[in-house]
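In what follows, a single structure is set out as structure tokens and then discussed.
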Amino acid sequence: MIIVPGSASPKLASRIAEGLGCGLIRPELARFPDGETYARIPGDLRGEHAVIVQSTCHPQNENLIELFLLLDAAKGLGARRVTAAVPYFGYARQDRRFKPGEAMSAHAMCRLMGSAGADDMLTVDIHEEEIVRGSPIPAKSLTAAPLLGRHIARLGLKDALILGADEGALKLARDVAAELGADHSCLRKRRLTPTMVVTEPECPDVAGRDVVIVDDIISTGGTMIEAATVLKERGAEGIYAFCIHPVFADEVEGKILAAGVREVIATDTIEHRASAVSVAPLFVEALREGGP
Ligand code: R5P
């Protein structure tokens, strides 16, 4: 197996190669004078299983084009099998036609990866499982919940409550809590506009407890800030904000800390200074077991 890192996921790709004890070929990536992307994999992939590791986070469109070109390059070099390892799958939130005439972006991305050369695809905690189930190429979404649980265990919290930031995060909260043997629940949120959310006032009893808020994505930070504000008002002791994918549309980390959160912790599906938990072991295990 050979790992090929895209420019969005260099550290994670190295960790995966290290975990697998396999080779890694850094691609040559450049820009043509008119802005188009140049990609070349300088090595021999004949008969190999090539794994292109590239999150399609910001700048999404550039990272996607780079991924498509690297998939094509790997196929062109005669790789026996090409896996798109996409730790953060951008465009996943537009997973249906909310209004007539809209693109189903998530499904379009799966199709494009397949036609660019991917035989299969691995991702992490995709926004909707339905996307991988409907993918035209074999695809699997791995879950980082046990890794988050193990990280939280090391924080030495007392009587911790794992709280989904909204109802969509309840399953994540349950899976993280199961790893710890902790209680779990979730808040309820209403989205007023794409960037404005309100957390409903009902909330479990958190007075004097350490609370870990979990969510799949932190983007504008609105959901976490609202959640932390409600928890502080209700007397929570320590508040921690955990997410799988630190999309961080703005410089949100400081704003979340200012809302009373002790620590913002994320995984390296998107490489950021908050990425304290690596998802490399998930890819290592999945690839060792044969992939999707
Ligand atoms: C929404 O369905 C997701 O699970 C997250 O709650 C959301 O993407 C977080 O966005 P923001 O940080 O902008 O509130």
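FYI, it's all coordinate maths here, none of it is from the lab. The structure displayed is predicted, hence computed values, not measured ones. Backbone-built Cβ (ideal geometry, glycine too); neighbour counts: all protein chains shown.
Observations on the model:
- When H49, H58, H245 are arranged by Cβ crowding within 10 Å, least crowded first, meaning fewest neighbours, the order is H58, H49, H245.
- Here the gap between R273 and E129, fully extended at 0.36 nm per residue and compared with their Cα-Cα distance, gives a gain of 49.1 nm.
- Angle between the chain longest axis and helix 60-76 axis [Cα atoms, degrees, rounded to 10]: 40
- Kirkwood radius and radius of gyration were both taken over the C-alpha atoms of the chain, and their ratio Rg/Rh is 1.00.
- Radius of gyration and maximum dimension Dmax of the stretch 86-225, Cα, Å: 17.2, 54
- The stretch 1-158: radius of gyration over Cα atoms, expressed as a fraction of 2.2 N^0.38 Å: 1.10
- Remark on D120: its backbone amide H falls under 5 Å from those of V82, A84, a criterion applied only to residues 5 or more positions apart or on other chains, H modelled at 1.01 Å from N.
- Lysine pair count for the stretch 134-292 [Cα-Cα under 25 Å; pairs on different chains or 8 or more apart]: 8
- Distance between modelled label sites at S14 and L257, nm, 7 Å Cα→Cβ extension: 2.5
- Peptides 17-23, 278-284, 110-116 ranked from most to least packed by the mean count of surrounding Cβ atoms within 10 Å: 278-284, 110-116, 17-23.
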